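Okay, so here's the structure we're looking at.
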Amino acid sequence: MKKFLSLILALCMVLCMTAFAAAEEVPTIKIITLGNGQPENYDAWIAHLNPYIEEKIGCKLEVECIGWGDWGSRRNVIISSGEAYDVIFGDSGNLRKDVEIGAYLDITDKLAEYAPGLVELIPAGYWDACRVNGRIYGVPTYKDSSITQYFVWDVEVLKELGLEEAAMNCHTIQEATPLLQKIKEAKGEPSFPVTKDGVSQIPFIFDGFGAGVRGIGVRYNDKEAKVVKIFEEEDIMAQLKEVRGWYESGIINADAPQMAEGPTYKACFIAQGWSLAAKTVWGPNMGKELVAYTFGPTILSNDSVLGSVNFVSVNTEHPDKALAYLNLINTDSKVRDAFYYGLEGDNFTYTEDGRVKKNPDRSWGLAGYTQGTFFNVSMLDTDTVNQWDEVHELNDKAEPSVLLGFAFDASEVSDQINNCSVIWDRYHPELLTGSVDPETAVKTMYEEMEAEGLSEIIAEAQRQIDAFLGK
């Protein structure tokens, strides 16, 4: 009997050790993303989600959500220090410079094996925008991948001041001025509050071709594809001067150049998206009824495709699982809804017909545009039409940039680009908030950039663009 019991005990130990080892073998993939900071119900959310993730792709997730105000500095520290992560969100401002320091994994030859759903889902031209020297280093988010900018207004304020028709016919910075002035005078507070990013949408009609220098680009419909200093262009300077007037008159908040995060409520703001987002995203986030009207054309460019990209760390120990996760969130509605809406049973519930009913008393802070495609996000129970159909339509009708698919090789001018980027970072909080005279600031900014080799960057870019267009 003793021998039998010993045998049983030994067998149990072996089984327990095997089970423990099996549990240890399930890797955890760390995702770093952007939003309002770590959700208060994160522990319950990840505990609910991970068994499903493990069942589907054999790993677990750990998600870090960095707040808007800390994002730029925190992200830079993560990348420059080599801090451990597997997947991180980024955009056109990160791609080339981070690839040059070896931060991201070259996924070109791994997509077909580990993420076939992504290859099928995302249009081929979008992948081209994520190439550096011909290789793919990021997964573009297939969403409102064209750029349509909107003036977004508080409906209650428009009705109160009799500005509904005027807002409907407002499509330019200049046309917005009298409306914003009336709202500011009536409410006694800034009607267009901004952070240090300012009115960053002003130069969106220029394709920056991934160069990493915000001050230069090619106008999206310029058949000659001439690289110009964007802020010297007459129409751009006119808008900067108008914004200067907004700042001086109190339409823009006086502390804008120092503001990392703005107020939740804004009587008016400009945002990229689609018109129904006023009812489904922007309005609910603000707790107000909002309406949106277009600001400028709808454009498809390298910059618009690169507005949301997820990168795999070059140091990941599990590239297969990192790509499997990106494949899953882009193809599986349950996972996509969890990231977009939050914890089922807390932040939202599913209706009998598979729609999402949000809990108005529970907020969810992960930024939906950073995570994956919009086209597998479940509709809200309040939707009268499918908002994703509008997004698809905008993508389909967008005017393509003359440089769509062009990939700039910055290897010959990387030092100049880095130096000019530092200068841009110093000037743009004041320039785009209107807190300085734009003519003086633009002149000084470009003089400093010229001293750091801006002309060399422009010449190299123009040479490559001309070759791309067969000139």
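For every residue, the table says whether it meets (1) in a helix (DSSP H, G or I); (2) touching a helix residue (DSSP H, G or I) at 6+ places or on another chain (Cβ under 8 Å); (3) surrounded by fewer than 21 Cβ atoms within 10 Å (Cβ to Cβ).
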{"site": "His171", "(1), (2), (3)": "no, no, yes"}
{"site": "Glu175", "(1), (2), (3)": "yes, no, yes"}
{"site": "Ile183", "(1), (2), (3)": "yes, yes, no"}
{"site": "Gly198", "(1), (2), (3)": "no, yes, no"}
{"site": "Gly210", "(1), (2), (3)": "no, yes, no"}
{"site": "Asp222", "(1), (2), (3)": "no, no, yes"}
{"site": "Ile236", "(1), (2), (3)": "yes, yes, yes"}
{"site": "Lys241", "(1), (2), (3)": "yes, yes, yes"}
{"site": "Arg244", "(1), (2), (3)": "yes, yes, yes"}
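Among the residues of segment 279-309 satisfying the criterion of being β-branched (Val, Ile, Thr) and in a helix (DSSP H, G or I), which is nearest to the chain's Cα centre (by Cα)? Looking at residues that are β-branched (Val, Ile, Thr) and in a helix (DSSP H, G or I), I get Val305.
Going by the structure shown, is Trp388 out of contact with any helix residue (DSSP H, G or I) (no Cβ under 7 Å at 6 or more places or on another chain), touching a residue at least 24 places away in the same chain (Cβ under 8 Å) and open to solvent by less than 30 Å² (accessible area, probe 1.4 Å)? Judged against the criteria, Trp388 is not a match. Of all residues in segment 131-169, none satisfies the criterion of being within 29 Å of Gly405 (Cα to Cα), open to solvent by 50 Å² or more (accessible area, probe 1.4 Å) and small (Gly, Ala, Ser).
The listed residues are Asn253, Asn302, and the only one of them that is in contact with a Pro (Cβ under 6 Å, 6 or more places away or on another chain) and open to solvent by less than 30 Å² (accessible area, probe 1.4 Å) turns out to be Asn253. Among helices (runs of 4 or more DSSP H) entirely within segment 98-140, having at least 1 residues that are closer than 27 Å to Val77 by Cα and in contact (Cβ under 8 Å) with a residue 40 or more places away in the chain singles out 124-129.
Name every residue in segment 415-458 that is among the aliphatic types (A, V, I, L, M) and exposed (fewer than 14 other Cβ atoms within 10 Å of the Cβ), in order of residue number. Answer for segment 415-458, where residues must be among the aliphatic types (A, V, I, L, M) and exposed (fewer than 14 other Cβ atoms within 10 Å of the Cβ): Val422, Ala451.
Summed over segment 94-113, the residues that are over 14 Å from Thr316 (Cα atoms) and either crowded, with 20+ Cβ neighbours inside 10 Å or charged (D, E, K, R) (or both) give a count of 9. Contact map, segment 188-200: first residue among the charged types (D, E, K, R), second residue in a loop (DSSP other than H, G, I, E, B), Cβ cut-off under 8 Å, separation 6 or more or different chains; pairs are Lys196/Met259; Lys196/Ala260; Lys196/Thr433; Asp197/Leu432.
For Ser81, the conditions (1) modelled with pLDDT under 95; (2) farther than 24 Å from Ile136 by Cα; (3) of a type in the set (Gly, Ala, Ser) all hold with the exception of (2).
The values are calculated or read from the model by the stated rules, or taken from the named source; none is laboratory data. No experiment lies behind these values; they were computed from the predicted model shown. Cβ: placed from backbone, ideal geometry, glycine included. Neighbour counts: every protein chain shown. When the accessible area is computed, the model is the full protein with side chains, heavy atoms only, and any ligands, DNA or RNA have been set aside. Shrake-Rupley method; radii C 1.70, N 1.55, O 1.52, S 1.80 Å.
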